[in-house]
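First the structure, in the form of structure tokens, and then the observations on it.
The values are calculated or read from the model by the stated rules, or taken from the named source; none is laboratory data. All values reported here derive from a predicted model rather than from experimental measurement. As a convention, Cβ positions derive from the backbone with ideal geometry for all residues, glycine included, and neighbour counts pool all protein chains shown.
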Amino acid sequence: MSMDMSNSNWISALGQLEADGIPAVMITVVDEKGSTPRNAGAKMVVSNDARFDTIGGGHLEYKAIKIARQLLQEKQRQPRLERFSLGASLGQCCGGATTLLFEPVINDRLQIALFGAGHVGRALAPILASLPCRIRWIDSREDEFPEQIPQGVDKIVSEFPVDEVDNMPAGSYFIVMTHNHQLDQELSEQILKRDDFAYYGLIGSRTKRKKFELRLKAKGFIDQQLERMTCPMGIPEIKGKLPAEIAVSVAGEIISQYNAAFGSNKDQTPKDTKVIERLAI
């Protein structure tokens with residue numbers, strides 16, 4: 001169900017949506033002719049689940065929200081102009097005309113699920129928090145978490161960490177470094193069942209990987225799925241067994257992964273930012 005937050009300020013809403021990594025569309029009244037509900041410059045922000053501020057309400061705003069959410073569903077990045085005649089077709093009695101600018105605001109913050117609050121997890125979380133990431137840090141042992149949680153990190157204390165796998169959006173990164181091999185395996189099974197994650201890293205040696213591969217194959221997983229599991233994790237050139245050294249190595253691999261993904265997707269971003277205009281009667 002969509003939330004009605006029409007009284008919320010669009011500026012603060014944009015900041016919060018960016019912090020949470022939630023895509024949105026900013027709608028601006030850029031032109032007005034005759035009698036219109038709001039003057040040029042009025043703005044509102046629309047996400048999939050909420051709307052913030054208002055461009056005047058009524059059927060015009062309803063239709064604008066519908067267009068914005070269609071742009072989000074289609075993952076559009078290019079701005080668009082829409083011109084509306086405020087007559088009977090829009091249920092408006094103003095009799096004027098207005099032009100709206102729809103600007104997708106794609107908050108490409110990396111979504112990471114970090115399982116494990118042990119020594120390496122505690123060394124890794126602050127590094128990840130300094131990157132353009134949103135981290136869900138998950139463990140069943142509340143006492144293992146530090147007293148101060150880095151900004152941008154959500155601490156999740158759960159007796160059933162495996163259930164948290166499905167709470168992550170598509171394209172997420174999963175990092176598993178728990179204190180329990182059985183839990184590592186259960187997490188591996190749940191993560192590999194998904195075909196929409198961008199990265200899955202499991203801490204451990206090549207020997208651990210071989211053992212896990214045998215167990216996972218016995219449960220029906222195929223080589224193509226197992227190839228998506230990164231184990232051992234980290235940049236091979238970074239040696240050392242100290243938690244900080246391992247954390248830096250893993251963080252380096254994460255950075256390499258998302259930089260490579262950005263490079264492969266950059267040609268999909270429209271180079272021509274010329275707006276598209278459509279007349280809506």
- [ ] May I ask you to list pairs of residues, at least six apart or on different chains, whose Cβ atoms are under 7 Å apart, with the first in the stretch 10-30 being assigned to a helix (DSSP H, G or I) and the second being among the hydroxyl-bearing types (Ser, Thr, Tyr)?
- [x] Leu17/Ser47
Task: Complete set of residues in the stretch 105-119 that are out of contact with any Phe, Trp or Tyr (no Cβ under 7 Å at 6 or more places or on another chain) and crowded, with 22+ Cβ neighbours inside 10 Å - done: Phe115, Gly116
Task: Gly171 assigned by TED's automatic domain parsing to the domain that holds Leu114 and in a loop (DSSP other than H, G, I, E, B) - done: yes
- [ ] Please name all residue pairs, on different chains or six or more residues apart, with Cβ atoms under 7 Å, provided the first residue is in the stretch 210-232 and is in the same structural domain as Phe174 (by TED's automatic domain parsing) and within 11 Å of Leu192 (Cβ to Cβ) and the second residue is modelled with pLDDT of 95 or more and of a type in the set (Phe, Trp, Tyr).
- [x] Arg228/Tyr200; Met229/Tyr200
TODO: Return yes when Lys217 is more than 21 Å from the chain's Cα centre (by Cα), modelled with pLDDT of 95 or more and more than 28 Å from Leu242 (Cα to Cα) and no when it is not.
DONE: yes
Task: Phe197, sole failed condition from (1) modelled with pLDDT of 95 or more; (2) in contact with a Phe, Trp or Tyr (Cβ under 7 Å, 6 or more places away or on another chain); (3) more than 22 Å from Ala123 (Cβ to Cβ) - done: (1)
Open item on the list: For the stretch 174-211: of the residues being in contact with a helix residue (DSSP H, G or I) (Cβ under 6 Å, 6 or more places away or on another chain) and in a loop (DSSP other than H, G, I, E, B), which is nearest to Gly234 (Cα to Cα)?
Closed with: Met177
Task: Residue list for the stretch 212-234, restricted to those being more than 23 Å from Ala117 (Cβ to Cβ), in a loop (DSSP other than H, G, I, E, B) and among the hydrophobic types (A, V, I, L, M, F, W, C) - done: Phe221, Ile222
TODO: Tally the residues that are under 23 Å from Arg194 (Cβ atoms) and free of Cβ contacts under 8 Å to residues at least 24 places away in the same chain, restricting the search to the stretch 136-154.
DONE: 3
